[in-house]
Amino acid sequence: MDHQGRDTIQDSGTGAVELVYRPTRTDILQGIQVRARVRGLAPVRWIFVVLFAGFAAFTALGGVDAAVLTALSLLTSVLIWGTPRLQAGQVFRAVSWQGEYRVTVTDAGITVETEHTTVVQRWTLFRGYRETSEHVVLLSRDPGILVLEVEPKRGLRGEEDLQRLRALLDRHLARV
């Protein structure tokens, strides 16, 4: 039987919600930032940014002799600060060529379909979700939260769909 994932997750009623969107770098960055906050990594990253920037300021007092160390400390600080943006750029390059994403959320799970792929995700894959002003981010159960599902609210048809999506998520997942 060749179902190609389309009939693997059946709509079990009227609660299905559909999103249609093209992912952006901002969508992916938002998911990465939510994951960092949930894992508690955001404060750690900022501590290292401040430490390396402070070390660069301290070594700058050493004059020309410390120019290389100052530059390396500043570069390290900028790279630590920019890591989520670099990650978002890499992921965006990996997913953007697939074009439009059509996501169906039902009581059985989430189906993500593009012109090239169909991915079926059961609710058991996720530990919970977090809502931001522009996105809903689902976080996987694995310890490192390696799988993210970022659903931009702009992909919904309206406020009614957003309310139905929240109801589905609350029925199956915890808010984290």
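The values are calculated or read from the model by the stated rules, or taken from the named source; none is laboratory data. These numbers were taken from a predicted model, which means no experiment stands behind them. What goes into the accessible areas is simple: the full protein's heavy atoms, side chains included, and nothing from ligands, DNA or RNA. Shrake-Rupley method; radii C 1.70, N 1.55, O 1.52, S 1.80 Å.
Candidate membrane-span-like segments in the chain, meaning DSSP H helices with Cα atoms spread over at least 24 Å of their own axis and a Kyte-Doolittle mean of 1.6 or above, are 41-60, with no membrane implied. Across all directions, the shadow cast by the convex hull of region 19-128 built on its C-alpha atoms averages 8.6 square nanometres. Just report the Cα centroid separation between region 108-138 and region 30-72, whole Å. Region 108-138 and region 30-72 have Cα centres separated by 33 Å. Computed over the chain, the per-residue total of -39500 (n - 2.57) for DSSP H runs of n ≥ 4 gives a 222 nm mean residue ellipticity of -15000 deg cm²/dmol, rounded to 500.
For the chain, the fraction of 1.4 Å probe accessible surface lying on carbon and sulfur atoms is 60 percent.
Over region 51-176, give the accessible area per residue in Å² for a 1.4 Å probe, as an integer.
Per residue, region 51-176 has 56 Å² of solvent-accessible surface.
Here region 75-176 is treated as an ellipsoid with the same Cα gyration tensor; its semi-axes, largest first and in whole Å, are 25, 17, 14. One chain, two ends: Ser96 and Arg164. Fully extended at 0.36 nm per residue, the span grows by 21.8 nm beyond their Cα-Cα distance.
Arg45 to Thr124: extension gain in nm, 0.36 nm per residue of separation minus the Cα-Cα distance? All intermediate terms of the calculation are to be shown ahead of the outcome.
Working: separation 79, 0.36 × 79 = 28.44 nm, distance 3.00 nm.
In short, 25.4 nm is gained.
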